[in-house]
Structures are given as structure tokens and as C-alpha cells.
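What follows is one structure encoded as C-alpha cells, with my remarks underneath.
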Amino acid sequence: MNEITGPMEDTSTRAPGFPLERARVLVVDDDEMIGMIVHRVLKAHHVTAVTSAQDALAHIASGERFDAVLCDLMMPGMTGLEFHRILCEQYPDQASAVIFLTGGAFDNAAGAYLAAIPNAQLTKPFDAVTLRAQVDAHLAARRAMDGLS
Amino acid sequence: MNLEPASLHRLKNKIAIILGFCELLLESIANDDPRRADVMQIQIAARAALAELPPLPAVDLSGTIGTAPKKPSDN
């Protein structure tokens with residue numbers, strides 16, 4: 001399992017009202033370097049980067065929970081959409097945490113799937129400012145939902 | 001340029017990586033450091049290379065996903 005992780009924390013699950021500046025972020029991209037960049041750009045957060053959807057599922061199946069899951073769409077073995085579908089069925093709280101990293105092209109069926117779900121998309125290549133802004137907006141929205149629930 | 005979609009995707013990913021590390025370098029190099037100009041030249045070249053590439057063709061990503069789950073607002 002190729003994996004990059006940030007400094008260890010003593011909790012495996014997110015506490016309600018987690019601070020924006022220290023959230024748990026999972027990056028799923030078959031190119032390890034993308035994970036390294038996201039890890040560096042989001043250094044204010046606790047970032048775990050894996051290179052396959054299967055590895056990501058293993059983390060989640062073990063009980064880890066993430067406030068944001070940045071997931072590539074085109075990956076060998078299991079695509080980002082298949083990964084999301086499994087999350088919807090088995091870990092719906094994590095499905096809503098997914099932000100898709102896209103190359104900007106997919107077929108009609110995949111486009112329809114993406115259009116039917118509320119998850120955000122970030123087109124590669126993305127700049128650091130956009131990545132931080134999108135993740136912060138996502139975290140703020142999740143925190144607001146936690147506050148409402 | 002005639003590249004297989006998977007090769008094109010990988011090539012675009014590599015350029016994204018070059019641009020990403022350029023940005024990280026620029027964040028860590030002082031504004032008056034002459035090395036900034038060198039990094040910016042790499043950035044310009046990488047962006048130009050990206051612009052030379054054709055758009056990614058439609059790629060089948062659906063696999064076994066089936067239908068999309070409903071939005072909360074659909075319930």
C-alpha cells in the first residue's frame with residue numbers, strides 16, 4: 001500500500017464541530033505525486049494519501065472517517081465512480097465527503113452520474129489557492145450540516 | 001497529436017504535478033529571490049505544453065456503478 005500520512009493524531013474519528021484548520025482529508029489518486037502535492041498544499045490538515053480506491057476502502061472499513069475525500073475519477077482497478085457507489089451503499093457518511101478530481105472528460109453515463117449527485121468536482125490541473133478554497137468550503141458546509149443535525 | 005486516452009490522462013497528470021510543485025516552490029521562495037523567475041519559466045513552459053495537448057476524449061468511467069444515488073433534495 002503506497003501511502004503518505006500527516007502527523008499522527010490520537011483520534012480515529014472526527015469529533016463534532018471539528019476545526020476547519022485541522023480536518024482529516026483522504027486523497028485517492030493512482031499517481032502518488034498528486035497525493036504528495038495535496039499533502040503539501042493542505043498541510044494545515046491531517047492528510048492521508050493512497051494510490052487506489054481499494055486502499056481507500058480499507059481505511060474506511062477499518063473505522064477511519066474523513067471530513068473530505070479527494071478522489072480521482074480515472075484509476076485502474078476501481079474508478080472513482082465505482083468507489084463512490086460503494087461508499088453510498090456501505091458508508092453513506094463518507095460518500096458525501098467526496099470531492100472528485102477530474103481530467104474534465106467522461107462519457108455520458110458517467111456525466112449523468114456526476115450530475116445526479118451533489119458532490120463537488122475539481123478539474124486537474126488545479127492550483128493551490130483553488131484546492132484550499134474548495135476544501136475549506138466543503139469543510140464549512142459539512143460543519144454547518146453537523147451543527148444542524 | 002495522437003495519444004491513447006490513458007496516455008493523455010497520464011501526461012496531463014504529469015504536467016499537473018510539475019505545475020503543482022512549481023506552485024509549492026513559489027510559495028516558499030521570497031519575492032525578491034531571483035530563482036522565482038526560473039520557477040516561473042518552468043510554469044510557463046508547463047502551461048504551454050498543457051495547451052498543446054488535445055482535450056481528453058469521452059472516457060467510460062461507469063464500470064459497474066449502476067444508477068446514481070438520489071440527491072437528498074430528491075427524497
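Any read-out appearing in this document is the output of simple, stated calculations on the displayed coordinates, not a laboratory observation. Please read all numbers here as calculations on a predicted model, not as lab measurements. Note that we place each Cβ from the backbone using ideal geometry, even for glycine, and neighbour counts take in every protein chain shown.
Counting only residues at least eight positions apart within a chain, or on another chain, the aspartates and glutamates with an alpha carbon under 13 Å from that of A:K124 are A:D29, A:D31, A:D72.
Converting phi to 3J(HN,Hα) with the Karplus coefficients 6.51, -1.76 and 1.60 and the offset θ = phi - 60°, the range B:3-16 yields 10, 4, x, 5, 5, 4, 4, 5, 5, 5, 4, 5, 5, 4 Hz in sequence order, with x at every glycine or proline. Karplus-derived 3J(HN,Hα) values for the range A:112-128, using 6.51 cos²θ - 1.76 cosθ + 1.60 with θ = phi - 60°, are 5, 4, 5, 6, 8, 10, x, 5, 6, 10, 10, 8, 7, x, 10, 9, 4 Hz; glycine and proline are entered as x.
Taking amide H positions as modeled 1.01 Å from N, with prolines and chain starts lacking one, the residues under 5 Å from A:I99 and 5 or more places away or on another chain are A:V69, A:L70, A:C71. Counting only other chain Cβ atoms within 10 Å of each residue's Cβ, the peptide A:123-136 averages 3. The phi-based Karplus calculation (6.51 cos²θ - 1.76 cosθ + 1.60; θ = phi - 60°) puts the 3J(HN,Hα) values of the range A:23-38 at 9, 9, 10, 10, 10, 10, 8, 5, 8, 4, 5, 4, x, 5, 5, 4 Hz, whole numbers, x for Gly and Pro. Cross-link reach is defined here as a Cα-Cα straight distance under 17 Å, omitting same-chain residues fewer than 8 places apart; for A:K43 the aspartates and glutamates meeting it are A:E3, A:E9, A:E21, A:E32, A:D67, A:D127, A:D136, B:E23, B:E27.
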